[in-house]
Amino acid sequence: IVLSELVGGAAVGVSVGYLGRWLMPRLALPAAGLYPIAVMALLIGAYGLADVLSTSGFLATYLAGVLVGNAEGCRTVGIAGGPEKCRQCTEEFGFDAAIDYKTEDIAAALATHADVLFPETEALRRMH
């Protein structure tokens, strides 16, 4: 049972991830801030589909997120408080850029480089 849940979750995650990689560049959303919401909706859909199929929703969500977040042309931007946390975002966690919300204008910075946002470096530190 466990093996079938993992294989099924992986199949759902990879399928939804490649769907997202194909779909995201083709979406013409009216505001840049809607793209992270579209990615989250896609990931929630991956979890839901995996749950309906009685497979691993966590694995499906993880794999779909990895595939969409690493799509060609996508940049990941972390939002953190302070230069040390911004350094962690880029050097330790592999983000393309980091925004220090304590010293930078977030709206202006996001207008130049945002596809997928992970605002919690503290959670990443615990996972890393």
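The values are calculated or read from the model by the stated rules, or taken from the named source; none is laboratory data. The shown structure was predicted, so the numbers you read here are calculated from the model rather than taken from an experiment. Note that we place each Cβ from the backbone using ideal geometry, even for glycine, and neighbour counts take in every protein chain shown.
Of all the numbered requirements in (1) at pLDDT below 90; (2) touching a strand residue (DSSP E or B) at 6+ places or on another chain (Cβ under 7 Å), Asp100 misses one, and that requirement is (1). Just for the range 88-112: of the residues that are touching a residue at least 24 places away in the same chain (Cβ under 8 Å) and within 15 Å of the chain's Cα centre (by Cα), which one is farthest from Gly20 (Cα to Cα)? Taking the candidates together, the pick is Cys89.
In the range 24-53, the residues that are within 24 Å of Ala10 (Cβ to Cβ) and buried (at least 17 other Cβ atoms within 10 Å of the Cβ) reach residues that are at pLDDT 90 or above and polar (S, T, N, Q) with C-beta atoms within less than 8 angstrom, at least six apart or across chains, in these pairs: Leu43/Thr61; Ala46/Thr61; Tyr47/Thr61; Ala50/Ser56; Ala50/Thr61.
Which members of the range 54-87 meet the condition of being small (Gly, Ala, Ser), under 12 Å from the mean Cα position of the chain (by Cα) and either loosely packed, with under 13 Cβ neighbours inside 10 Å or more than 21 Å from Ala10 (Cβ to Cβ) (or both)? Don't jump to the end; show me each part of the working.
In the first step, residues of the range 54-87 are kept if they are small (Gly, Ala, Ser); the result is 54, 56-57, 60, 64-65, 69, 71, 73, 78, 80-82.
Subset that is under 12 Å from the mean Cα position of the chain (by Cα): 64-65, 69, 71, 78.
Passing the criteria: only Gly78.
Within the range 10-23, the set of residues being crowded, with 16+ Cβ neighbours inside 10 Å and not small (Gly, Ala, Ser) comprises Val12, Val14, Val16, Leu19, Arg21.
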